[in-house]
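Here's the structure we're looking at; comments come further down.
The values are calculated or read from the model by the stated rules, or taken from the named source; none is laboratory data. Owing to the predicted nature of the structure, the values given are computational and were not obtained by experimental measurement. Counting neighbours? That spans all protein chains shown, and the Cβs are built from the backbone with ideal geometry, glycine included.
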Amino acid sequence: MKNLFNNISQDEKNRILEMHSGKKNVISEQVPQPLPQAGVKKPVPQVSGLNYKVLADTLDKSMRGLGTNLPTIQSVINQIKTPQDWQKLNAAFGTRDGQDLDTWFRRDILDRKDWDKIIHPFYIRVGVDRDDSYGAASGVSR
């Protein structure tokens, strides 16, 4: 134990001693907040404040050219929570290079594991009615 305190300054030693001597209140005590009553739900505002054009452009950049940036795609679609958000994102994406966003997803997400982990749960969350015909929109066999 003697060697433990050899490499610290005298100020640090004093601070540690003061902390353990009871002269100083290290942990501030806060009044606990009352727990919400069971079964009582507060309304959650549905104001998303998302910039769908920026999100659509981000998706475009993450899928355009060689390679696909899956973490960026996942980051964007994690922000899309409702069917209305999806409709607005889809409208902001529009048609690029003759293809809609769904087709871009199907064209670029080549690994079935990635599709099942990222896109399929997203489609379920936002209520997109798909038969999960993986790759069918682009004609790409996977």
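Counting only helices (runs of 4 or more DSSP H) that sit completely within region 1-112, those holding 2 or more residues that are at pLDDT below 85 correspond to 10-21. A search for C-beta distances below 8 Å between a residue of region 51-75 that is within 16 Å of GLY94 (Cβ to Cβ) and any residue that is loosely packed, with under 14 Cβ neighbours inside 10 Å and of a type in the set (Gly, Ala, Ser), counting only pairs 6+ apart in sequence or on different chains, returns TYR52/ALA91; ALA56/GLY94.
In the list LYS61, LYS81, LYS53, which residue meets the criterion of being loosely packed, with under 15 Cβ neighbours inside 10 Å, charged (D, E, K, R), within 21 Å of TRP115 (Cα to Cα) and over 15 Å from the mean Cα position of the chain (by Cα)?
On the way: LYS81 fails: over 15 Å from the mean Cα position of the chain (by Cα); LYS53 fails: within 21 Å of TRP115 (Cα to Cα).
Every option except LYS61 fails the conditions.
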